[in-house]
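Coordinate-derived values only; no laboratory data. Everything numeric in this text was worked out from a predicted model, so none of it was measured. Cβ: placed from backbone, ideal geometry, glycine included. Neighbour counts: every protein chain shown.
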Amino acid sequence: MKPTAIVVNVTRAEIIDEDALYRALVGKTIAGAALDVWYRYPREAGPTLPSRRPSHEPPSVLMTPHVSGWTEGMLAARAKLTAENIARPARGEPPLNLPQAVRARYSTARTRPPSTSIVVPVM
């Protein structure tokens, strides 16, 4: 890669070799990295560094834990969608955003349940 290259990874961390990326950043073989992925995610309470290497320390690195799509109103929209996907099966409807093949199987396998109320707080 050129020394002016900036690596951008918004898929999965493992696509790029962690050690090679760290060496390239520290050795300034590349200009920087924007990573919306972590190599390590928390498995229990407490802090977890994003990588086995201090890849987050060079000033030429921007790291986010796979949340680069954060926008104004995103939390409210996510809460509304979650609440709707909880309520839909109670009404005998499939959850939103199902792939078409799954949606077809869902609709033939489900029958409308007795009248049920589900109260879910929405932000």
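Listed values, structure above:
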{"item": "Compactness of the range 6-63 - radius of gyration and Dmax, Cα, Å", "result": "11.1, 36"}
{"item": "Full-extension gain in nm, T4 to N85, via 0.36 nm per residue minus C-alpha separation", "result": "24.6 nm"}
{"item": "Taking I30, I6, I15 and counting other C-beta atoms within 10 Å, the order from fewest to most", "result": "I15, I6, I30"}
{"item": "Distance in nm between pseudo-label sites at L75 and E93 (7 Å out along the Cβ direction from Cα)", "result": "2.7 nm"}
{"item": "Label-to-label distance, nm, for residues given as E18 and R53 (7 Å Cα→Cβ offset)", "result": "1.1 nm"}
